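Everything on this sheet refers to the single structure shown next.
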Amino acid sequence: MPLSEKHEETKTYDDILNAGPPLNQLAREFVTPTDLFFVRNHAAIPHLQLDSYRLGVSGMVTRELSLSLEDIKENFEQRRLTATLQCAGNRRKELVSHKPIDDQLAWDIEAIGTAEWTGVRLGEVLAAAGISSADAAHVAFLGLDTLLRDGARDAYGSSIPLEKALGCEVLLAYAMNGEDLPLAHGCPLRVVVPGYIGARSVKWLSDIRVQESPSDNHFQQVGYKLFPPHIDMYNVDYADGMQLTKLPVNSVIVRPQDRSLLPAGKVAVEGYAMSDGEHEITWVSVSPDGGASWQRAEFINAPQLWTWQLWRAEFELPPGRHELVVRAWDSAANSQPETIASVWNFKGYVNNAWHRVGVTVK
Ligand code: MTE
């Protein structure tokens, strides 16, 4: 599937592009090559007129701003940050096999990637606009992509608390892995909110609004809300849902893949772990026998904030069926629940149960 696109003056797509890397290419490198970085879109990629592009900043600000990409690049310091983006729907496939989830993408473990983002700090753009009210508590974003819902056209949107928006890690990014942001990833400008579910990192950013309450956009008020396992589409009251923000601790076995047939001998088990980004992953345990015994995995990269932690363990496995399991902890002692049943939710978000992979050794 085409994952990377060089942008042109105008570009159109008829279909909604959603794609991830082949599982055998996932997490092989600490920084994900751009053409292997997953793409998650809720609407068609918008038609862009790059010459007339403007970012609006409004709401509870002293000065409303209308900035071209050049204004942004010239007036604010360029910042670089390596950060992992993970979709709230990553690992939905396991939730679906526990109990059906309708009308959602059944992502396996590939809706995650790490990139070096270049851009400017959102906090510095907000400082230039000036926060005008002590009641300001949220920063809402709108993208240029639109969806038709109940007869009306709405832009994709989302918000984050003002406190997070002012964090040094939150960027308005115009480049990814050293090149102009590709069209599929939000060219010419996107938000990057490290540590939060990917949905808050709004692509094709057109508007920033400082306000008292979270965004009233569908993707803040209906989508990306978490409910306990006993709630379903028939008894849900969306007003009660928990708006997803930080990612919970998670860890995933990438190699070997589920249902692999392996030669007898040493088996290398590799994968990634991720937290809310503010806390490093401190420990990853891997079990070769369904959780009966555990071994500490070694880290492949030095732990760092805002990114995934790649890890590796090795086992001598005798012939037969084996269930490999992984679980992780972060520096705040957060860890993962054991069962899929305890995290199942009817929209299939933030599955962070222990990850299990079945293999057969010949
Ligand atoms: N921004 C806009 N404008 N439209 C979208 O559909 N999808 C969100 C977010 N930003 C989306 C968006 C979701 S759900 C995710 S997980 C990330 O973008 C994915 O970013 P990527 O496609 O660059 O991997």
Expected single match for in contact with a strand residue (DSSP E or B) (Cβ under 9 Å, 6 or more places away or on another chain) and among the polar types (S, T, N, Q) among Thr339, Thr307 is Thr307
Checked region 61-80 for anything open to solvent by 40 Å² or more (accessible area, probe 1.4 Å) and in contact (Cβ under 8 Å) with a residue 24 or more places away in the chain; matches are Thr62, Arg63, Glu64, Lys73, Asn75, Glu77, Gln78, Arg79, Arg80
Given (1) crowded, with 17+ Cβ neighbours inside 10 Å; (2) in contact with a Pro (Cβ under 7 Å, 6 or more places away or on another chain), Ala264 misses just (1)
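Within region 275-284, identify whether any single residue is more than 25 Å from Cys168 (Cα to Cα) and assigned to a strand (DSSP E or B), and answer yes or no.
Step one: list which residues in region 275-284 are more than 25 Å from Cys168 (Cα to Cα), which gives 283-284.
Checking which are assigned to a strand (DSSP E or B) leaves us with 283-284.
Scanning region 275-284 turns up at least one residue that is more than 25 Å from Cys168 (Cα to Cα) and assigned to a strand (DSSP E or B).
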If we keep only residues of region 138-152 that are in a strand (DSSP E or B) and without any contact (Cβ under 8 Å) to a residue 12 or more places away in the chain, then the residue nearest to the ligand (Cβ to nearest atom) is Leu148
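Condition check: crowded, with 17+ Cβ neighbours inside 10 Å and not in a helix (DSSP H, G or I). Does Cys168 satisfy that? Full working, then the answer.
Numbers: crowded, with 17+ Cβ neighbours inside 10 Å: no; not in a helix (DSSP H, G or I): yes.
For Cys168, the condition - crowded, with 17+ Cβ neighbours inside 10 Å and not in a helix (DSSP H, G or I) - is not met.
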Among residues of region 291-319 being in a strand (DSSP E or B) and hydrophobic (A, V, I, L, M, F, W, C), the residue most open to solvent (accessible area, probe 1.4 Å) is Phe299
Practice prompt. Please work out if Val39 is away from the ligand (no atom under 15 Å from the Cβ) and open to solvent by less than 30 Å² (accessible area, probe 1.4 Å).
Written response: no
Reported set for region 174-188 where residues are surrounded by 24 or more Cβ atoms within 10 Å (Cβ to Cβ) and more than 10 Å from the ligand (Cβ to nearest atom) is Cys187
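The values are calculated or read from the model by the stated rules, or taken from the named source; none is laboratory data. Keep in mind that what you see is a predicted model, and the values were worked out from it rather than measured. FYI the Cβ positions are ideal-geometry reconstructions off the backbone, even for glycines, and counts take in every protein chain you see. Only protein heavy atoms, including side chains, enter the accessible area calculation; ligands, DNA and RNA are left aside. Shrake-Rupley method; radii C 1.70, N 1.55, O 1.52, S 1.80 Å.
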